[in-house]
Amino acid sequence: MNLNELKKTDAELRALSETVLKLSKKYGASDAELSLNRGSGLSVEIHQENIDKLEYHRDQGLSLTVYMGQQQGSATTGDLSTQAIEDTVKAACNIAKFTGEDKYTGLADAQLMAGDMGDLDLYHPWDLNAESAIQIATACEKAAMSYDDRIINSDGASISSYSGLSVIANTHGFIGVTPSSRHNLSCSVIAQAPNTTAMQRDYWYTTSRQHEALDSPEHVGEKSAELTLSRLNGRQINTQQATVLYSPEMARSIISHFTSSISGGSQYRKTTFLLGAKGEKVFPDFIRLHEQPHLISGFGSCYFDRDGVATVDRDIVVDGVVQDYIMGSYSARQLGLKTTANSGGTHNLTLDSTGQTFDELLKLMGTGLLVTELIGSGINGVTGDYSRGAAGFWVENGKIQFPVEEITIAGNLKDMFQNIIAVGNDVDPRSATQTGSILIEGMMVAGE
Amino acid sequence: MNPSHFQQVEQQLLEPAGLNISDLEKIFAHLKGADLADLYFQSNRFESWGLEDGIIKNGTYSIEQGVGVRMVIGEQTGFSYSDEISFDALTASAKAAAGIGKAGQTGRIQAWQAKDAQKMKALYQMDNPLAAMSEDEKIALLNLADKEARSASPHVQQVIANIAGVYEHILIADNEGNLNADIRPLVRMNITVVVEKDGKRESAGTGGGGRFGFDYFTQADRVREYAQEAVRLALVNLDAVAAPAGSQTVVLGSGWPGVLLHEAIGHGLEGDFNRKGTSAFSGRVGEKVASNGVTVVDDGTLENRRGSLNIDDEGTPTNCTTLIEDGVLKGYMQDKLNARLMGEQSTGNGRRESYAHLPMPRMTNTYMLAGKEDPQEIIASVKNGLYAVNFGGGQVDITSGKFVFSASEAYLIENGKVTRPVKGATLIGNGPDVLTKVSMIGNDLALDKGVGVCGKAGQSVPVGVGQPTLKIDGLTVGGTEAQS
C-alpha cells in the first residue's frame, strides 16, 4: 500500500466508520464501537531454490459492537459493501435485543478517550515485487544450505511484507487511525550428523517495521544453520531438580504467563493463581516490568487501546510488587478499578535487566539447563502449575556441554516467579515484549 | 452430486455476482499452462453466543465470503484471493496467481470446459444449523448449562458457556473442468466451570459438537452431561497431588487421548513434509513403526463427525486412509499437489482454513482401531504408572519427531489399581518409536466428542481423534515429584 493508496484508504475508512456508527444508532443502538482494517501484502516461500509459494494478500474487515442500554451485540464482516455493512449493523443490533443486562458493559468513559496523537513512525511500506522477494529469500536459503555439509535439507526460507491501516472509532466521537507496516525474513533448515538417521531443525528470523532495518539474508541464513547444527546429537538427561536459563526468545513466555495472570479478565473471573495480587510481592526485589506505549516504531506502540482510551507509560511491577492489573474498561468496572488502557492487550513491555551478559548468566548458573525451545501448552492458569516440553543444552561449569531434547520442565509459576535469580541484558529486540535471558532455580526436569 | 446441492451453492456464491459457470472459462484462460489450477469460492456464516455470571453477555454474527485462485506449475504455487466475488476481482486474482508462471511456462494448453458435476456422498445434512433454533432457544440452552453446572455441586463459583455454529457453502472449479460443491454445517458447545473448596480453586471445561444443527444439544440430556462432566473434572483436580516426573508406564484412556496419534504420527505422515523429506517418517513406508496389532487410519467419511467432509477443499472425495497397518507404515495423507509430485493419488486430505489460505495435506478424523484387551486388565497389569484419561492440546516437531501432549485428568496406578488423581502434566515422546512401545490395546475404541481444532502453518481446521485404551511402556511424564 503506497502513500496515495494510504490517503485514499484513510479517507474511505474514516467515512465508513461514521456511516457504521450512524447506522447503528438508526437501528436502535444507544452506543457503538468498531474496528476497521484494510491492508495488503506479499509473501514468498523458497524451498531448495524453488519458488514453493508466491502469495498475494489483501485483507479487510469490520468488527462492530453495539450497545442498547446495558445489552450488547457484535458482528463482523469481511465484505465492506453498502449492503453487507447494513446487514452487519442489523445483525449486531438484533443480537443486542437478546443478550442479558450487564451493568458493567458499555463504552469506556468519554473523558478517557485519547486526544493528541503524534506520529509513532509505524508505517514504512516496502515496494517489494515478486522478483526481488524471490531473490532475497533465495539468497537467505543459499547462505544456510552452503554453511555446512551437515545441513542436508531446507524447511524453507520465507519473506513477507504487509502494510495497512486500522481504525478504532466509537460514538463518543473518538476516531483513531493507525497506519502500520511489518516485514519479515525467516529461514529454517534441517541438519543430520554423518552416519546417523536423526534429523534436527531450527530457524531464525528478522522482523521490522522498516525493511531497511532487516538483517541481511546471509545473516539470517547462517544463523539458522548455526542453530540447527548446534542441536545435532541431542539426548535426554536424567530426571532431576535443576536451575534453568530461558533464552531471551523463550523468556518472553514467562512474562506472558505473568501478564495473563494479572489480566482483568482472569482477575474478575477468578481464574488466576495470582488472584488479588495488586500490591503483593510476586517477584524478587530486583524485578521491574514496565509498559511504554509510545516507543517510536515499537511493535506494540499505539496512542489508544481498543476502547479508544489514551495509553500512558506505567510500571506494572516495581521492586517485585504488582502495581496494577492489565485491564480494559470492562474488566476494570467488574473489579471496581480504573482502566489501564489495555483493552486488546499490552503495548511494549520491558523487563529490566539485572546487568549480566548471556555468558555471565551461564557462569552464574554453573550447572543446569539452558532452554532454547518450548513446546506444548501445559499451563494451568488457575493453579499456576507449569509443565512443558523443552529442548536446549546441558551446562556445567558455566559452559555448554551438549544438546538436550525430549525432556520436560515443570514447576509452579508462583514459585518460578519468586525463584528468578537474574535477568540478562541479551535482549531480543524482535518483539513488543523485551527481555533478556531469565535464570530460574529449583525446577524439575523430567527425562530418562 | 445431488443437483439441488449444487444449485444451492451456485445460487449462494455465483448468482449474486452475476457469474455463470461458463464465465469461468475466461478466468481459466489466465491460468493456462498450469499443472493444477483451481478457484475456491466460499461463503461462511458464523454465529456464537456466550454466557458468564449467569448472564448472556454477548453474541456475534459474521458473514465472510470470497474466492481464492491458485496456479501450480511443477512444485511452484502462485496464489491470490479476493473477499469480493465478481468477474473483475476474479480476473485480477487469476492474473496475480499466474505470476508464478513467469518462472518458465510449459505447454499443456487446452480450452476450459465445465464437466458435469459429480455425484457425491452426503455425510451430513444441508440445512442451516444456525436456523435450527430460535435465538430464545439458543439462550435457553446456555441458561440450562449454567443451571445444570451450578446444581451439580455447591462448589461451583463460575460457569462460562458458549455455543458456536458455522454454515459454509463451497464451490471448487479446477482447470480440468471439474466442479464440486459442498454445504457444511458445524456446531459446538463448550462449558467451563470454576470451583472453589477450602480456599483452593480449579477450573475445567468440556463440550461437544459435530456437523449438524444446534438442536443436537437439546437431545439426550447432552447439556446436563457436559455440565456435570466439567464439574466432575474440576472437582477431581481440586484433590490432585503432584505428578511423578520421569519415564514411566502410561495407560491412556479411550477417546480424546487419541490426540497422541494426531501429534506423534499424524502430522509426520502428511504428504507435504514427506515430499520435502523434512519428516522423521520420510522414506519409511513399509517399515515397522509400531507394535503388532497397531492399526491407525485417517477417516474423513464418518457421518456427522467434526473432522468429516464429503469432499476435501480440492474437490476430492474423502477416504478412510490406512496410515499404519498391524505396525507397518502404509502411506501418507495427500493433497493433489504433493500426491502428483510423489507419484501417488490424493487421499482427499487437501484442506484449507478459508478461501484466503492455500490448501495442504491435513488430517480429518484420526484414530486407532480397537484391540482385544479388557481396559480393566490393562490397568491391572501395571505395577506403578500413570493413567491419563483427558488431555488438553499437543504439539510436534515433525523433523526430530519429538511431540508433547498435556494431560488434564490423570491418576496414579499403584499395584494395578487406579488411586490418587495427579495434577496435569505434559507427556513427551518420540513419534517414530512411541507406538513401538504399545504393549496392550483395549477393545474399547471411542472417538472424541467433537471440539478438536488442529493448527498448521497458521491455519486452523476442525478435526477428530480417537483410540482404544492403550498401554505404553515408557513415556516421559513432566511432573514435579521425584519418583519413589
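The values are calculated or read from the model by the stated rules, or taken from the named source; none is laboratory data. Predicted, not measured: the structure shown is a model, and the values here were computed from it. Positions of Cβ are generated from backbone atoms using ideal geometry, with glycine treated the same way; all protein chains shown enter the neighbour counts.
Values computed for the structure shown
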item	result
Failed criterion for A:Ser146 (all others in (1) without any contact (Cβ under 8 Å) to a residue 24 or more places away in the chain; (2) crowded, with 17+ Cβ neighbours inside 10 Å; (3) away from chain B (no Cβ under 14 Å) hold)	(2)
Filter pass, A:Gln236 being under 23 Å from A:Ala432 (Cβ atoms) and within 14 Å of chain B (Cβ to nearest Cβ)	no
Test: residue in segment B:98-110 that is touching a strand residue (DSSP E or B) at 6+ places or on another chain (Cβ under 8 Å) and either among the aromatic types (Phe, Trp, Tyr) or closer than 17 Å to B:Glu314 by Cα (or both)	no
Residue under evaluation B:Ser439, criteria (1) within 11 Å of chain A (Cβ to nearest Cβ); (2) over 26 Å from the mean Cα position of the chain (by Cα), criterion not met	(1)
So B:Leu302, is it modelled with pLDDT of 95 or more and over 17 Å from the mean Cα position of the chain (by Cα)	no
Positions within segment A:258-282 being free of Cβ contacts under 8 Å to residues at least 60 places away in the same chain and among the hydrophobic types (A, V, I, L, M, F, W, C), in sequence order	A:Leu275, A:Ala277
Residue under evaluation A:Lys338, criteria (1) surrounded by fewer than 19 Cβ atoms within 10 Å (Cβ to Cβ); (2) more than 30 Å from B:Val159 (Cβ to Cβ), criterion not met	(2)
Verdict on B:Phe391 being facing chain A (nearest Cβ under 8 Å), farther than 22 Å from B:Asn292 by Cα and within 24 Å of the chain's Cα centre (by Cα)	no
Verdict on A:Ala130 being within 12 Å of chain B (Cβ to nearest Cβ), of a type in the set (A, V, I, L, M, F, W, C) and in contact with an Asp or Glu (Cβ under 9 Å, 6 or more places away or on another chain)	no
From the options A:Tyr203, A:Tyr246, residue that is surrounded by fewer than 20 Cβ atoms within 10 Å (Cβ to Cβ), closer than 30 Å to A:Leu369 by Cα and touching a helix residue (DSSP H, G or I) at 6+ places or on another chain (Cβ under 7 Å)	A:Tyr203
Strands (runs of 3 or more DSSP E) contained in segment B:370-476 and holding at least 1 residues among the β-branched types (Val, Ile, Thr) and crowded, with 23+ Cβ neighbours inside 10 Å	B:384-396, B:402-414, B:417-422, B:426-430, B:438-441, B:464-467
Filter result (surrounded by fewer than 21 Cβ atoms within 10 Å (Cβ to Cβ) and over 22 Å from B:Ala407 (Cβ atoms)) within segment B:217-236	B:Thr218, B:Gln219, B:Ala220, B:Asp221, B:Arg222, B:Arg224
Boolean, A:Asp352 is surrounded by fewer than 21 Cβ atoms within 10 Å (Cβ to Cβ) and in contact (Cβ under 8 Å) with a residue 24 or more places away in the chain	yes
Pairs with Cβ under 9 Å, 6+ apart, first in segment A:119-136 and farther than 27 Å from A:Ile296 by Cα, second charged (D, E, K, R)	A:Ala130/B:Lys102; A:Glu131/B:Lys102
Which numbered condition A:Ser343 misses (of (1) within 14 Å of chain B (Cβ to nearest Cβ); (2) closer than 16 Å to A:Ser256 by Cα)	(1)
Residues (in contact with a helix residue (DSSP H, G or I) (Cβ under 8 Å, 6 or more places away or on another chain), part of a strand (DSSP E or B) and either within 17 Å of B:Leu24 (Cβ to Cβ) or at the interface with chain A (Cβ under 7 Å from one of its Cβ atoms) (or both)) located in segment B:63-79	B:Ile63, B:Gln65, B:Val67, B:Gly68, B:Val69, B:Arg70, B:Met71, B:Gln76, B:Thr77, B:Gly78, B:Phe79
Of residues in segment B:394-436 being closer than 29 Å to B:Gly271 by Cα and small (Gly, Ala, Ser), the one nearest to the other protein chains (Cβ to nearest Cβ)	B:Ser406
Close pairs (9 angstrom Cβ cut-off, 6 or more residues apart or separate chains): touching a residue at least 40 places away in the same chain (Cβ under 8 Å) in segment B:222-249, aromatic (Phe, Trp, Tyr) and part of a helix (DSSP H, G or I) anywhere	B:Val223/B:Phe217; B:Tyr226/B:Phe217
Tally of residues being surrounded by fewer than 22 Cβ atoms within 10 Å (Cβ to Cβ), touching a residue at least 40 places away in the same chain (Cβ under 8 Å) and under 23 Å from B:Gly209 (Cα atoms) across segment B:150-166	5
Whichever residue in segment A:369-387 is touching a Leu at 6+ places or on another chain (Cβ under 6 Å) and more than 16 Å from B:Ala410 (Cα to Cα) and, among such residues, is nearest to the other protein chains (Cβ to nearest Cβ)	A:Gly384
Matching residues, segment A:86-105, being of a type in the set (Val, Ile, Thr) and within 16 Å of A:Lys26 (Cβ to Cβ)	A:Thr88, A:Val89
Every residue from segment A:359-379 that is surrounded by fewer than 23 Cβ atoms within 10 Å (Cβ to Cβ), under 23 Å from the mean Cα position of the chain (by Cα) and outside any strand (DSSP E or B)	A:Ser377
Search result, residues across segment A:93-104 that are buried (at least 22 other Cβ atoms within 10 Å of the Cβ), within 9 Å of chain B (Cβ to nearest Cβ) and in contact with a helix residue (DSSP H, G or I) (Cβ under 9 Å, 6 or more places away or on another chain)	A:Ile95, A:Thr99
Selected residue [surrounded by fewer than 18 Cβ atoms within 10 Å (Cβ to Cβ), modelled with pLDDT of 95 or more and not basic (Lys, Arg)] from A:Ser260, A:Ser224	A:Ser260
Residue that is surrounded by the fewest Cβ atoms within 10 Å (Cβ to Cβ), among those in segment A:37-91 that are farther than 26 Å from A:Thr105 by Cα and of a type in the set (Ser, Thr, Tyr)	A:Thr82
Pair list, Cβ < 6 Å and 6+ apart or interchain, from segment B:378-396 residues that are touching a residue at least 40 places away in the same chain (Cβ under 8 Å) to residues that are basic (Lys, Arg) and surrounded by 19 or more Cβ atoms within 10 Å (Cβ to Cβ)	B:Ile378/B:Lys471
Filter result (of a type outside the set (A, V, I, L, M, F, W, C), within 16 Å of B:Ser43 (Cβ to Cβ) and at pLDDT 95 or above) within segment A:62-86	A:Thr76, A:Thr77
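Residues checked against (1) farther than 28 Å from A:Phe174 by Cβ; (2) assigned to a loop (DSSP other than H, G, I, E, B); (3) in the same structural domain as A:Ala410 (by TED's automatic domain parsing):
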| residue | (1), (2), (3) |
| --- | --- |
| A:Val244 | yes, no, yes |
| A:Arg252 | yes, no, yes |
| A:Lys270 | yes, yes, yes |
| A:Gly276 | yes, yes, yes |
| A:Ile287 | yes, yes, yes |
| A:His290 | no, no, yes |
| A:Asn342 | no, yes, yes |
